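Only one structure is covered here, and it is reproduced in the block below.
Derivation of every value follows stated rules applied to the coordinates shown; laboratory data play no part. Quick caveat, the model's predicted, so the values are computed rather than measured. Methodologically, a virtual Cβ is constructed for each residue, glycine included, from the backbone with ideal geometry; neighbour enumeration extends over all protein chains shown.
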Amino acid sequence: MSPTNPKSEIENPKSNITRRAFIGTAAALGAIPLMSRLPAAFAAGSDRIKVGVIGTGGRGTGAMRNCLKADPSVQVWALGDIFPDRVESAFKGLRDGNPNARNPVAPLDASRFAVTKERCFSGFDAYKHVIASGVDLVILAAPPHFRPLHLEAAIQAGKHVFAEKPVAVDAVGARKVLSVGELAAQKKLAIVAGTQRRHAPSYIETMRRIHDGAIGDLVGGQCYWLQQGLWHRGRQPEWSEMEYQIRNWLYFTWLSGDHIVEQHVHNIDVMNWAFGGPPVKALGMGGRQARTDPKYGDAYDHFSIEFEYANGARIQSFCRQTPNTQGRVNERIVGTKGVAMGDGRITGATTWKYDGDTPNAFQIEHEDLIKSIRDGNPLNEAKRIAESTLTAILGRTSAYTGKEINFAWMLGASKQDLTPPKYEFGDAPPVEIPIPGVTPLV
Ligand SMILES: NC(=O)c1ccc[n+]([C@@H]2O[C@H](COP(=O)([O-])OP(=O)(O)OC[C@H]3O[C@@H](n4cnc5c(N)ncnc54)[C@H](O)[C@@H]3O)[C@@H](O)[C@H]2O)c1
């Protein structure tokens, strides 16, 4: 287990660097013998698992390292990104490591890094080539817009998947993930989502206690992701508008889902976990107060949403990305007998504080994934991550339109589909900042 305190990665709202603080441990990345073609269920300790990364940015390469560390037989097999420069830097970064960094990352030998130039792919179709390259497992870490498309292709081709959160940006995409999740279950394929709190022992133990009645009946709560600003990658004169938007995908709702979906989904997912499923409706607001420069696309910089669950309890969700403001990232669940904080504190009739192991949850989710594949009992988290993603989309849509919206309507009837007319470098979808009372509900 890594000595890293997961709180610094799970909860630190101050920078995008800490939340992407990936672990590279030389000792964990030892050599393995090359074995023959794999069966669908792998025997423990034998047969390599060939992994392809689709979206080789910060999290794609970080998740790949977590996956390598999770099992000595994992091998990096293929890399794909829309941009060749990102593939190139991932290739070098993974192969050569960074032995001089404060947290040194070891270089990989050929038994762990089997990528050849022929198995490096770029362009909008890079995902198809990675999936067809002979991989057993794919890591999906492109911007969220592409997740349903990439997930569907991977599952149809019979590949296990680690899919970063969120898994969609609109209702149509979330529905696709739900149906692909069912297909994965039929095919006995794994889908593990990058909502690492679900794999953190502190969260698991807190939820067990909540569900065992430690705080009584749930009556309300709050969840927060309040942080400073994030990166912006600028504009180059040779870039088309499409390239500009994809390079700066955080700020375009069709690509990221906006930050309530892209980032706050972590905390919304915890609330859905506590309440046993998604809410029945949402009423929210939001806007752009500080991040008004056109370079920031159409994304809002703050949201506040009230979600109501099936038992009538209402919770408040807050998210903000604004420099020089108070940070807070956590979840607070209120019951008739006490209050629980998601990461391991209960006060009230019962007082309790988690004092067990705090392994790096980014690491544990990959260990759980690989173990489930090896055991022939693959984890399938598609339904709950699709529901949590759609919950965040529900909140965003309420804020954008100014309307109260039912989850069931969003799930069953909404035609919201942010897919552009075509995927090619040239024009991109027009940037229209949503205005409550004007923006239509679709
Ligand atoms: N679980 C977590 O805590 C956590 C932390 C950070 C990021 N993430 C998620 O990981 C995903 C990636 O985030 P990131 O921080 O690595 O961003 P990033 O910008 O560093 O990486 C995204 C990569 O995807 C590439 N890309 C864009 N369109 C693509 C396409 N159509 N096909 C293939 N590649 C494409 C980009 O060029 C880029 O290299 C996002 O969904 C994000 O929400 C999760």
Within straight cross-link reach of residue 415, meaning Cα distance under 17 Å, which lysines are found once same-chain residues fewer than 8 apart are removed? 176, 403
Around residue 49, which amide H atoms from residues at least 5 apart in sequence, or from another chain, sit under 5 Å from its own amide H, with H modelled in the peptide plane? 74, 75
Less than 19 Å from a label point 7 Å out along the Cα-to-Cβ axis of residue 433: which backbone N atoms in the range 244-263 qualify, by residue? 245, 248-261
Full-extension gain in nm, residue 205 to residue 179, via 0.36 nm per residue minus C-alpha separation: 6.3 nm
May I ask you to list the lysines whose Cα is less than 23 Å away from that of residue 337, ignoring any residue fewer than eight positions away on the same chain? 353
Rounded to the nearest 5, the percent of antiparallel DSSP beta bridges in the chain equals 55
To the nearest 0.05, what FRET efficiency results for residue 322 and residue 118 with a Förster distance of 45 Å applied to their C-beta separation? 0.50
Residue-normalised 222 nm signal for the chain, counting each DSSP H run of n ≥ 4 as -39,500 (n - 2.57), nearest 500 deg cm²/dmol, is -9500 deg cm²/dmol
Trypsin sites (Lys or Arg not before Pro) in the range 367-434 lying in a DSSP loop, each with at most 15 other Cβ atoms within 10 Å of its Cβ, come to 415, 422
From the phi of every residue in the range 427-442, what ³J(HN,Hα) in whole Hz does the Karplus formula 6.51 cos²θ - 1.76 cosθ + 1.60 yield, where θ is phi - 60° and glycine or proline is x? 5, 10, x, x, 8, 10, 6, x, 10, x, x, 10, 4, x, 8, 10
Neighbour-count ranking [beta-carbon atoms within 10 angstrom, fewest first] of 375, 47, 355: 355, 375, 47
Residue order, fewest to most beta carbons within 10 Å, for 256, 179: 179, 256
How much length is gained on full extension from residue 157 to residue 89, taking 0.36 nm per residue of separation minus their Cα-Cα distance? 21.7 nm
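Taking R0 as 41 Å, what FRET efficiency do you get between residue 222 and residue 111 from their Cβ-Cβ distance, rounded to the nearest 0.05?
Numbers: r = 48 Å, r/R0 = 1.18.
Computed FRET efficiency for residue 222 and residue 111: 0.25.
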Sorted by Cβ density within 10 Å, fewest first, the residues 177, 431: 431, 177
In nanometres, what is the gap between the two model label sites at residue 290 and residue 357, each 7 Å from Cα along Cα-to-Cβ? 3.9
Residue 128: which aspartates and glutamates have alpha carbons under 15 Å from its alpha carbon, excluding same-chain residues fewer than 8 sequence positions away? 81, 118, 136, 152
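Which GluC sites (Glu not before Pro) in the range 224-325 sit in a loop by DSSP (not H, G, I, E or B) and have at most 15 other Cβ atoms within 10 Å of their own Cβ?
Answer in residue order: 238.
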Once label points are set 7 Å from the Cα along Cα→Cβ at both residue 441 and residue 408, what is their separation, rounded to one decimal in nm? 1.5
For residue 371 and residue 314, what is the calculated FRET efficiency with R₀ set at 35 Å and r taken between the beta-carbons, to the nearest 0.05? 0.40
